[in-house]
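This report refers to the structure that appears directly beneath it.
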Amino acid sequence: MGTQIRNKGKDWWLGALAIILALVVWEFVAAVIIHYPFILPAPTDVLAAFIDFLDDGTLLLDLEASLTHFAIGLGAALIIGIPFGIMMGWNRRLDAFFDPLIELLRPIPPLAWIPFAIIWFGLTAWSAGFVIFMGAVFPIILNTYHGFRNVPRIFVEAAKMLGCTKSRDLIRYIAFPAALPSVVAGIRIASGVGWMCLVAAELFGVSNYGLGSRLWFSYNLHQMDGVVVYMIILGLIGLAFDMVFRYFINRYFLKWQTGEVA
């Protein structure tokens, strides 16, 4: 596993080459074949729009707003989702009590909560954060729950024989480390869902500022190069979040999965 990761790191130039080729093809199709920026702006047009957004300062303001919305929603999902998943996965009675409610709310699309978000919180960061929370909390709950449900019973029995008998200690030292890969997977899924909910919430007017809001504003002005700028920024930020999170988790918590022991 460690060898595969090192080899993958040496092949980074292949990904860079793919991006360069995609940009060349994009430029050719947009500038030569279509030749109509409203349908497909060329990369050079997008770069010019990006520079304009930086110059007038709107990009940084929207980026700050969207990151604030995302932090509120995902933070609340982590604070509530992980403890709920632990309780339901560790205690069968709590599982039986909360499971019908979770399964009732989970299929409701997060965007269906937008009217209540606006009524309850107004056009504020908390309103957008609430929509993100509704999209992110259930993947965290379910993956944490399944992680704790699948902890090998022999781990728990061995810990009890060695004197670890309190539920708090069993959860902290035995169950949570064993369930951590599943918890991490849930957080990664929740981050992706939450980021998509952020864009949709801002598109539907939950907030006056943000990347999604500015994307829709650019579309209304028929500035499709601006639309593409914000699309690319949204994709890059989502990619950066996932890469940083995976590096941090693999580096400090899941070394054993990559074959590293020190």
Original post:
In the set Leu63, Leu111, which member is over 23 Å from Phe245 (Cα atoms), of a type outside the set (Phe, Trp, Tyr) and in contact with a Gly (Cβ under 9 Å, 6 or more places away or on another chain)?
Top reply: Leu111
Original post:
With respect to Gly238, is the statement that it is at pLDDT 80 or above and touching an Asp or Glu at 6+ places or on another chain (Cβ under 8 Å) true?
Top reply: no
Original post:
Is it the case that region 214-230 has a residue that's crowded, with 21+ Cβ neighbours inside 10 Å, on the phi > 0 side of the Ramachandran plot and touching a residue at least 60 places away in the same chain (Cβ under 8 Å)?
Top reply: no
Original post:
Just wondering, is there one or more residues in region 116-128 that are within 16 Å of the chain's Cα centre (by Cα) and closer than 23 Å to Ser213 by Cα?
Top reply: yes
**OP:** Kindly check whether there is at least one residue in region 119-135 that is buried (at least 16 other Cβ atoms within 10 Å of the Cβ) and in contact with a Leu (Cβ under 6 Å, 6 or more places away or on another chain).
**Re:** yes
**OP:** Answer yes or no: is there a residue in region 189-197 that is polar (S, T, N, Q) and surrounded by fewer than 23 Cβ atoms within 10 Å (Cβ to Cβ).
**Re:** yes
Original post:
How do the helices (runs of 4 or more DSSP H) wholly within region 36-118 filter down when requiring 2 or more residues that are surrounded by fewer than 17 Cβ atoms within 10 Å (Cβ to Cβ), in the same structural domain as Asn208 (by TED's automatic domain parsing) and at pLDDT 90 or above: which remain?
Top reply: 58-90, 92-105
**OP:** Search region 1-28 for residues that are aliphatic (A, V, I, L, M) and pair each with any residue that is surrounded by 10 or more Cβ atoms within 10 Å (Cβ to Cβ) and at pLDDT below 80 when their beta-carbon atoms are under 8 Å apart and the residues are at least 6 apart or on different chains.
**Re:** Met1/Gln257; Met1/Thr258; Met1/Gly259; Ile5/Thr258
Subject >> Output for region 152-180, where each listed residue is over 19 Å from Met87 (Cα atoms) and basic (Lys, Arg) >> reply: Lys160
Original post:
Within region 29-61, which residues are more than 18 Å from Leu236 (Cβ to Cβ), among the hydroxyl-bearing types (Ser, Thr, Tyr) and touching a residue at least 12 places away in the same chain (Cβ under 8 Å)?
Top reply: Thr44
Subject >> Among residues of region 165-176, those that are surrounded by 16 or more Cβ atoms within 10 Å (Cβ to Cβ) and without any contact (Cβ under 8 Å) to a residue 60 or more places away in the chain, counted >> reply: 2
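The values are calculated or read from the model by the stated rules, or taken from the named source; none is laboratory data. Quick caveat, the model's predicted, so the values are computed rather than measured. Reconstructed Cβ throughout: ideal geometry from the backbone, glycine too, with neighbour counts over all protein chains shown.
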